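What follows is one structure encoded as structure tokens, with my remarks underneath.
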Amino acid sequence: MATVNRDHAKLICDVGELSAIITDASDLDAMLQKIVDTFAGHMEADVCSIYLYDEAAKELVLRATHGLLSSSIGNVRLRSGEGLTGLAFSERRPIREDDAPAHPNYRFFPGIGEESFRSFVAVPILRGRRPVGAMTLQSKQPSHFSAEDVQVFRAITMQLATTIEMARLLLTLEAAPASLAPAPALSDLRLVHGQVGAEGYAAGEAVLIRQPSLAEIRALIGTTALALPDFRRAVATTEQQLEHLEKLAGERLSDVSAVIFSAQLLMLRDQSWLGAMEEQIAAGTGPAEAVYRVILNYVELFDRMDNAYMREKRYDVMDVGRRLLANLSSHRHVESPLEGRVAIAAELLPSEVLKLGLEKVGGIVLLSGGVTSHVAVLARSLDLPLIFVDDPRLLEIPDGTRMVLDARQGNLYVAPDQEVEQRFREQEEDRRSAPHLAESMREETHTADGTRVHLLANINLLADVEVARSYKAEGIGLYRTEFPFLIRNDLPSEEEQLRIYRRLVEGMPGREITFRTLDVGGDKVLSYFDYAAEANPFLGLRSIRFSLRHRDVFLQQLRAILRAAHDIEVRIMFPMISSPDELAVAADAVDECQASLRREGLPVCERVRLGMMLEVPSVLELMDELAQRAEFFSIGTNDFVQYMLAVDRTNVNVADLYIPHHPAVLRGLHRAIAGALRHDRDVSVCGDMAHDPRFVRFLLGIGVRKFSMSARYLPRVQEAIFATRLDEAQAFAKRLLAESSVSGTTRVLEGG
């Protein structure tokens, strides 16, 4: 075994600064070379190489190496399964050999200078489950690499996978001519009403988040004569903007940043991509027209790809193109072309919402989704005003149209007069000058007659922890662990999750913390993960079903939680449990992870409480059995309503049928809570009903003593609880439960 103690912490730190590697590299090949040079130095290896998978040829191709002859780059090729490198690639697992030439799968290439190397390590480069290529280490010394070296090598390779994959795509794409799209017609909208997704106010020019039309591009460019030096200045300015945004992401949102702008930075260092533009400029094409043509070439190439994730790369291309065109324009020299503007889009991924937040967009108007969607939840965390409007005419509004977004009432004013703008501006100034609601929060919450109630915060991003503390939250009732997965470009490794979860634990010392395991699927799709087509995704492979199907992802997350919480009592909660069987399998996975961490000598949490979400109707008949294994319950009211009523909560066509005060929902909540209390189990309520003052009395009346919500809602809920006597709440709940129609429950709610 290897006897050298290598500084793996330094390696993780250095390679984690991925933006520096990209910034220092002059092009894609230089970036790949810098990666292998860095790895070789840290691992004290004689050779480090990167192989990228050529999908057309079905081969691994050597693209960068430290230690082998440079003439081997591009010439050494392996089929999947061929040689030790091909074997690691095909089987999606690391391979370590103390004497590689003695292995039956060893593949010798004469003339590249590798005959003297004995120790060998190969790890696959994976984006989710998609193979990108492989990285190898070699040394002249036998038994040079340890099992720990392999683990660290693999973990950091996962961090690099996004960047390396984009490099592979850019190195293989070829330019092709493209046609231009016609401009849309102008609409005469004045006032549009929608659903509030995230409260707030914004006033600014409209910007459509979609492929720009020729008319919009011409509006950006104007009639100014431009030349090659102008193009190069625009490239440099665009590069500076992206580097600044990536730095902001790392500083403010370290749990989800995941070098989200690295793909766009790579494009700006791709000499073939920029070279295609410069060639057209040298031949007499205007810089803006050259940018536009090359962008459309790449968009068409991505559009033709079979894989849905690859097709989404068109948005990175379009974003870079918009920036270049804006920076070529003589009248748009601004830090961000989106700052203060009202973004309009048909739909957005969570990662795109994050980018808009970092670019200080004023507000967002979406044509799809719903107030309970994760896009809306994220917008609330980012303090981005958001409304949902089912009116496709909004996509015809020209860029630059003046807008006022009132995301408290759900109104969008198109080209408003000065009086409307002034009225909303004064309201916003009054709101901001008012004392912060957090100052009114008391340390403990009681009903008017002294019954103790606990108020906890839901956490989406690490940035929410400070907000939760300022609002005096008694703990974290629900940490949505899926956000670092949703907003990244790849699966976070165990080490990356560990760093995020540890910061969460340290941010709420001495307070209750509940981790909900990965809850993806439905409206929370991992853009980089290959999903089978599902006719009904909310009824498909989501939440705990996804985790149990993909055990490697599930076990990594559980290990990270247990390591991060090694010195506290932690609560782990499983989403969308529908039977005791599922709960048992999930709980056994926790036991398995604890045992493996003990064997490895790693810190592990020994004080674990396991719980589950009550979200599907089947649990109502099984509360007695579920309480045998679950130590606590949490009712996710958004999904509970959805599944009780068979209403897709993100479908605008049936939004009016999503009724939290439906008699079946209210009675179902009563049964679930009674079942938990019957076994003396802790039960909390989260979701939109938890922070709706209309339901506070009802929930108190049926036995809820713990509420969990976004911290900003805590003051109004605490105020409602202080104003409620328990006997009055119980009587109110009894009246609601006696109603058998929606009109009846509505009458009771409105009449008090």
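The values are calculated or read from the model by the stated rules, or taken from the named source; none is laboratory data. Here the structure is a predicted model, which is why all the values come from computation and not from measurement. Using ideal geometry, Cβ is built from the backbone for each residue, glycine included, and neighbour counts are taken over all protein chains shown.
Values for this structure:
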{"item": "Complete set of residues in segment 451-473 that are assigned to a strand (DSSP E or B) and buried (at least 22 other Cβ atoms within 10 Å of the Cβ)", "result": "453, 455, 456, 457, 458, 459"}
{"item": "Selection within segment 727-748 - surrounded by fewer than 18 Cβ atoms within 10 Å (Cβ to Cβ), touching a residue at least 24 places away in the same chain (Cβ under 8 Å) and either in a helix (DSSP H, G or I) or outside the structural domain of residue 467 (by TED's automatic domain parsing) (or both)", "result": "727, 728, 730, 731, 734, 742, 744, 746"}
{"item": "Whichever residue in segment 293-322 is buried (at least 17 other Cβ atoms within 10 Å of the Cβ), among the basic types (Lys, Arg) and assigned to a helix (DSSP H, G or I) and, among such residues, is modelled with the highest pLDDT", "result": "293"}
{"item": "Strands (runs of 3 or more DSSP E) completely within segment 360-406 that count 1 or more residues being surrounded by fewer than 24 Cβ atoms within 10 Å (Cβ to Cβ) and either modelled with pLDDT of 85 or more or touching a strand residue (DSSP E or B) at 6+ places or on another chain (Cβ under 7 Å) (or both)", "result": "386-388, 402-406"}
{"item": "Criterion (at pLDDT below 85 and crowded, with 19+ Cβ neighbours inside 10 Å) met by exactly one of 73, 22", "result": "22"}
{"item": "Residue in segment 490-501 that is of a type in the set (Phe, Trp, Tyr) and under 14 Å from the mean Cα position of the chain (by Cα) present", "result": "no"}
{"item": "Matching entry among 88, 45, 64 (being surrounded by 16 or more Cβ atoms within 10 Å (Cβ to Cβ), at pLDDT 90 or above and in a loop (DSSP other than H, G, I, E, B))", "result": "45"}
{"item": "Checklist (1) surrounded by fewer than 23 Cβ atoms within 10 Å (Cβ to Cβ); (2) modelled with pLDDT under 95 applied to residue 592, failing item", "result": "(2)"}
{"item": "Unique match (being among the polar types (S, T, N, Q), crowded, with 18+ Cβ neighbours inside 10 Å and either out of contact with any Cys (no Cβ under 8 Å at 6 or more places or on another chain) or assigned by TED's automatic domain parsing to the domain that holds residue 692 (or both)) among 618, 634", "result": "634"}
{"item": "Evaluation of residue 138 against (1) under 17 Å from residue 35 (Cα atoms); (2) touching a residue at least 60 places away in the same chain (Cβ under 8 Å); (3) assigned to a helix (DSSP H, G or I) (one fails), failing number", "result": "(3)"}
{"item": "Qualifying positions in segment 491-516 - of a type in the set (D, E, K, R), touching a Leu at 6+ places or on another chain (Cβ under 8 Å) and assigned to a helix (DSSP H, G or I)", "result": "503"}
{"item": "Those residues of segment 235-292 which are at pLDDT 70 or above and in a loop (DSSP other than H, G, I, E, B), in sequence order", "result": "269, 270, 283, 284, 285, 286"}
{"item": "Residue within segment 555-565 that is in a loop (DSSP other than H, G, I, E, B), in contact with a helix residue (DSSP H, G or I) (Cβ under 6 Å, 6 or more places away or on another chain) and under 26 Å from residue 507 (Cβ atoms) present", "result": "yes"}
{"item": "Selection within segment 650-688 - modelled with pLDDT of 95 or more, in a helix (DSSP H, G or I) and closer than 24 Å to residue 448 by Cα", "result": "666, 669, 670, 673, 674, 677"}
{"item": "Boolean, residue 210 is at pLDDT 60 or above, closer than 26 Å to residue 270 by Cα, part of a loop (DSSP other than H, G, I, E, B) and within 33 Å of the chain's Cα centre (by Cα)", "result": "yes"}
{"item": "Members of segment 632-649 found to be within 14 Å of residue 617 (Cβ to Cβ) and outside any loop (DSSP other than H, G, I, E, B), listed by number", "result": "635, 636, 637, 639, 640, 641, 642, 643, 644, 645"}
{"item": "Candidates 527, 543, filtered to the one that is under 24 Å from residue 376 (Cβ atoms), small (Gly, Ala, Ser) and at pLDDT 90 or above", "result": "543"}
{"item": "Selection count, segment 625-636, where residues are more than 21 Å from residue 699 (Cα to Cα) and acidic (Asp, Glu)", "result": "1"}
{"item": "Number of the exception - residue 601 against (1) in contact (Cβ under 8 Å) with a residue 40 or more places away in the chain; (2) not in a helix (DSSP H, G or I)", "result": "(1)"}
{"item": "Any hit, segment 577-587, residues being in the same structural domain as residue 491 (by TED's automatic domain parsing), part of a loop (DSSP other than H, G, I, E, B) and surrounded by fewer than 16 Cβ atoms within 10 Å (Cβ to Cβ)", "result": "yes"}
{"item": "Verdict on residue 719 being within 30 Å of residue 378 (Cα to Cα), of a type in the set (Asp, Glu) and over 32 Å from the mean Cα position of the chain (by Cα)", "result": "yes"}
{"item": "Residue that is surrounded by 14 or more Cβ atoms within 10 Å (Cβ to Cβ), at pLDDT 65 or above and assigned to a loop (DSSP other than H, G, I, E, B), where the choices are 325, 338", "result": "338"}
